[in-house]
Amino acid sequence: METAERRSMTIRELGERFCLPAEKLKKYEACGLIKGKEDEDGVRHYGDEVLGKLGVICTLTEAGFSCEEIKQYLT
């Protein structure tokens, strides 16, 4: 059985999966669209819930929605 730690991804891994630069993912986190958990080494990890959200976030961003508008849509 996999643990939550094994299923999580670093920001680099998440960026590679979605072809996004880390800076863009950091912006999404600063806007409150995604949330990672920091480990004792200061590395942020993102769980499965971020994967589904990030697909929607990318689509809405490409359509011209602002961070605030995306936040409203996600809630």
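No lab work stands behind these numbers, since they all come straight from the coordinates. What you see is a predicted model, and the numbers here were worked out from it, not measured in a lab. All Cβ positions, glycine included, derive from the backbone under ideal geometry; neighbour counts span all protein chains shown.
Quick notes on this one:
- Filter result for Leu20 (touching a helix residue (DSSP H, G or I) at 6+ places or on another chain (Cβ under 8 Å) and either β-branched (Val, Ile, Thr) or in contact (Cβ under 8 Å) with a residue 24 or more places away in the chain (or both)): yes
- 3 or more residues surrounded by 12 or more Cβ atoms within 10 Å (Cβ to Cβ): qualifying helices (runs of 4 or more DSSP H) within the chain: 11-18, 22-30, 48-62, 67-74
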